[in-house]
Protein chains: 2
Amino acid sequence: MIVLTNDDGFYAAGIQSVWQALKPLEDVIIVAPESEQSAVGHAITLANPLKALPVKTQEHGLIGYAVSGTPADCVKIAVTELLDEPPEMVISGVNHGGNMGTSIIYSGTVSAATEAATMGLPAIAVSLDSWESRDFSVATEFIRNLYPLVLEHGLPEGVSLNVNIPAVPRDEIKGVAVTRQGKSRVIEKFDKRVDPRNNIYYWLAGEMTFMEVEPGTDCEMVRENYISVTPIHFDLTRHDALDRIKEWKLEF
Amino acid sequence: MIVLTNDDGFYAAGIQSVWQALKPLEDVIIVAPESEQSAVGHAITLANPLKALPVKTQEHGLIGYAVSGTPADCVKIAVTELLDEPPEMVISGVNHGGNMGTSIIYSGTVSAATEAATMGLPAIAVSLDSWESRDFSVATEFIRNLYPLVLEHGLPEGVSLNVNIPAVPRDEIKGVAVTRQGKSRVIEKFDKRVDPRNNIYYWLAGEMTFMEVEPGTDCEMVRENYISVTPIHFDLTRHDALDRIKEWKLEF
């Protein structure tokens, strides 16, 4: 059994494309947020209860559950409650919009894969580097190639794969690059407005800027029309800073 | 100017203790969520506008802003909109409850510090390892010692400090340990219930378990009554897995 999830919601075109592509090959189930959950980061829902609505079609019977929570919630509840046995793998996406560079810390798509990895499951997050394109064919073709390799080779403990697909036609894809996470940041801009009762409010209207364009990073390789595959984990320790801070001789 | 934030909300005892401790020493301003935001991870608010309510007291005038968003939102809007010039530092906490091991990926407290680091600012996240204790005196004393060292030495680009304080009296603290992030995971348990209209719903009722108890990790050193200081960053790349995945010879 392979669990499909995302942060764009159960009925988003990206996840439905993956379902269509894998259904003939594997036992798949969608456990995804009932509504869009973009930029929720690695949130989990503690303050409210979760509901998991079974979704059935006449043709296929139960195709999954629409969950009133975040992508990480979906993975947790799928594995712990909804499935009879642990899935072989979790695939998150295809997300509308790339998840590369520093901004992956905001990504619900990536957090679902990371959550699966904390639970000891192989996981892949897949994003299409476009907010406009509705063509998920390259993404789904690549997933069909990749997931058997992940099942065959396994992944190191705690590691998942963050995959980004350039939004170009199949014949413009130059290949696959195993990459590291680049540096990027949203240059923050808030759009300040006044409501009808004279209260000030702000819309976050950021613009993504890539700060690092060296070869080998996810940002750069996708820009060069390579599919990028980045192994990620959830150890945030900056190991090379440990000694530097030890030199401060902190005492208490 | 030092920005104080948290995920327990503007009026939580932890952040108010930091404000009390630093106010005589520094120009400080609180920019914190108007309501509790625990386990929001690194969420940012895109789908809704943000409000930032100025909070004033008769004695001190403007002490800060209560923001209708997440901790990461607070940092973004403080730096980009609310302050006239960039702050010298962001301090997040004191959080009620430890933020150690793998579970820091769920932490709004830690995400505020990480967000500040993405914006090029030195930042410290501080958590008290107890959900019951109301005694933030050790935490605030340690912050008073630590923040001038951070200002003096600086931090490597993109690095922030994740500090955890054992919930024991001052004289039982054994010292300070510079640590790496340990492994822990929440052993998921959902509490399944039925609502008055016969719908099933679930409460996440997880229990934290530490999987790694080697010396040198945050979890272990706090358990041994050391204050832990972990340098963290936002590069999720698992560098030692790059070669292993390159051996798969992915093609497309």
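So is B:ALA117 farther than 23 Å from A:THR45 by Cβ and touching a His at 6+ places or on another chain (Cβ under 8 Å) or not? The answer is yes for B:ALA117. Listed by first and then second residue, the pairs linking a residue in segment B:221-243 that is more than 8 Å from every other protein chain (Cβ to nearest Cβ) to a residue that is crowded, with 22+ Cβ neighbours inside 10 Å and hydroxyl-bearing (Ser, Thr, Tyr), with Cβ atoms under 9 Å apart and 6 or more places separating them unless they lie on different chains, are B:MET221/B:THR179; B:MET221/B:SER228; B:VAL222/B:THR179; B:VAL222/B:SER228; B:TYR226/B:THR179; B:SER228/B:THR179; B:SER228/B:THR217. Go through segment A:204-230 and give me each residue that's modelled with pLDDT under 90 and in a strand (DSSP E or B). Scanning segment A:204-230 gives A:LEU204, A:GLU207, A:MET208, A:THR209, A:PHE210. Might you check whether a residue that is closer than 23 Å to A:ILE245 by Cβ, touching a Pro at 6+ places or on another chain (Cβ under 9 Å) and among the charged types (D, E, K, R) occurs anywhere in segment B:126-144? Taking every residue of segment B:126-144 in turn, at least one turns out to be closer than 23 Å to A:ILE245 by Cβ, touching a Pro at 6+ places or on another chain (Cβ under 9 Å) and among the charged types (D, E, K, R). Being more than 24 Å from A:TRP248 (Cα to Cα) and among the β-branched types (Val, Ile, Thr), is that true of even one residue in segment B:149-166? Within segment B:149-166, none of the residues are more than 24 Å from A:TRP248 (Cα to Cα) and among the β-branched types (Val, Ile, Thr). For segment A:170-199, which residues satisfy the criterion of being free of Cβ contacts under 8 Å to residues at least 12 places away in the same chain and not acidic (Asp, Glu)? Correct list: A:LYS192, A:ARG193, A:VAL194, A:PRO196, A:ARG197, A:ASN198, A:ASN199.
What do you reckon, is A:ILE44 modelled with pLDDT of 95 or more and surrounded by 16 or more Cβ atoms within 10 Å (Cβ to Cβ)? It is false that A:ILE44 is modelled with pLDDT of 95 or more and surrounded by 16 or more Cβ atoms within 10 Å (Cβ to Cβ).
Against the conditions (1) within 11 Å of chain A (Cβ to nearest Cβ); (2) out of contact with any Phe, Trp or Tyr (no Cβ under 7 Å at 6 or more places or on another chain); (3) free of Cβ contacts under 8 Å to residues at least 24 places away in the same chain, B:PRO215 satisfies every one except (1).
For segment A:120-139, which residues satisfy the criterion of being assigned to a helix (DSSP H, G or I) and in contact with a Ser or Thr (Cβ under 9 Å, 6 or more places away or on another chain)? Matches in segment A:120-139: A:SER137, A:ALA139. Residues of segment A:155-180 that are within 7 Å of chain B (Cβ to nearest Cβ), surrounded by fewer than 16 Cβ atoms within 10 Å (Cβ to Cβ) and either outside any loop (DSSP other than H, G, I, E, B) or under 18 Å from the mean Cα position of the chain (by Cα) (or both): A:GLY175 alone. Can you find a residue that is in a helix (DSSP H, G or I), polar (S, T, N, Q) and surrounded by fewer than 20 Cβ atoms within 10 Å (Cβ to Cβ) anywhere in segment B:7-30? Scanning segment B:7-30, I find at least one residue that is in a helix (DSSP H, G or I), polar (S, T, N, Q) and surrounded by fewer than 20 Cβ atoms within 10 Å (Cβ to Cβ), so the answer is yes. For segment B:226-234, the criterion of a residue being at negative phi, surrounded by fewer than 18 Cβ atoms within 10 Å (Cβ to Cβ) and in contact with a His (Cβ under 9 Å, 6 or more places away or on another chain) is satisfied by no position.
Does A:VAL150 satisfy the criteria of being at pLDDT 90 or above, assigned to a strand (DSSP E or B) and either among the β-branched types (Val, Ile, Thr) or surrounded by fewer than 15 Cβ atoms within 10 Å (Cβ to Cβ) (or both)? So A:VAL150 fails the test. Have a look at A:LYS192, A:LYS183 and point out the one that is closer than 18 Å to A:SER127 by Cβ, within 8 Å of chain B (Cβ to nearest Cβ) and among the charged types (D, E, K, R). Being closer than 18 Å to A:SER127 by Cβ, within 8 Å of chain B (Cβ to nearest Cβ) and among the charged types (D, E, K, R) holds for just one of A:LYS192, A:LYS183, which is A:LYS183. All of (1) polar (S, T, N, Q); (2) surrounded by 12 or more Cβ atoms within 10 Å (Cβ to Cβ); (3) within 9 Å of chain B (Cβ to nearest Cβ) hold for A:ASN199 with one exception: (2).
In the condition set (1) acidic (Asp, Glu); (2) at pLDDT below 95; (3) in contact with a Lys or Arg (Cβ under 8 Å, 6 or more places away or on another chain), A:GLU141 is compliant with all but (2). Taking the listed residues A:VAL67, A:VAL40, the one that is in contact with a Cys (Cβ under 7 Å, 6 or more places away or on another chain) and over 14 Å from A:ILE91 (Cα atoms) is A:VAL67, with no other qualifying.
If a residue must be more than 14 Å from every other protein chain (Cβ to nearest Cβ) and free of Cβ contacts under 8 Å to residues at least 60 places away in the same chain, how many such residues does segment A:57-92 contain? The number of residues fulfilling the criteria is 8.
Screening A:ASP135, A:ASP73 for residues that are under 24 Å from A:ILE44 (Cα atoms) and of a type in the set (D, E, K, R) leaves exactly one candidate, A:ASP73.
Of everything in segment A:111-137, what is more than 8 Å from every other protein chain (Cβ to nearest Cβ) and of a type in the set (Val, Ile, Thr)? Give them in sequence order. Once the filter is applied, which keeps residues that are more than 8 Å from every other protein chain (Cβ to nearest Cβ) and of a type in the set (Val, Ile, Thr), segment A:111-137 yields A:ILE124, A:VAL126.
Each row is one residue, and each column tells you yes or no for (1) modelled with pLDDT under 95; (2) touching a Phe, Trp or Tyr at 6+ places or on another chain (Cβ under 8 Å); (3) crowded, with 23+ Cβ neighbours inside 10 Å; (4) outside any strand (DSSP E or B).
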{"site": "A:LEU62", "(1), (2), (3), (4)": "no, no, no, no"}
{"site": "A:GLY93", "(1), (2), (3), (4)": "no, no, yes, no"}
{"site": "A:VAL110", "(1), (2), (3), (4)": "no, no, yes, yes"}
{"site": "A:ALA116", "(1), (2), (3), (4)": "no, no, yes, yes"}
{"site": "A:LEU146", "(1), (2), (3), (4)": "no, no, no, yes"}
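Close contacts from segment A:36-56, counting a first residue that is more than 7 Å from every other protein chain (Cβ to nearest Cβ) and a second that is part of a loop (DSSP other than H, G, I, E, B) and not charged (D, E, K, R), with Cβ to Cβ under 6 Å and a gap of 6+ residues or different chains, come to A:GLU36/A:GLY9; A:GLN37/A:THR70. For segment A:152-198, the set of residues classified as touching a Lys or Arg at 6+ places or on another chain (Cβ under 6 Å) and within 28 Å of B:ASP240 (Cα to Cα) consists of A:VAL159, A:VAL178, listed by residue number.
The values are calculated or read from the model by the stated rules, or taken from the named source; none is laboratory data. Remember, it's a predicted structure, so these values are computed and weren't measured experimentally. Virtual Cβ from ideal backbone geometry, glycine too; neighbours counted across all protein chains shown.
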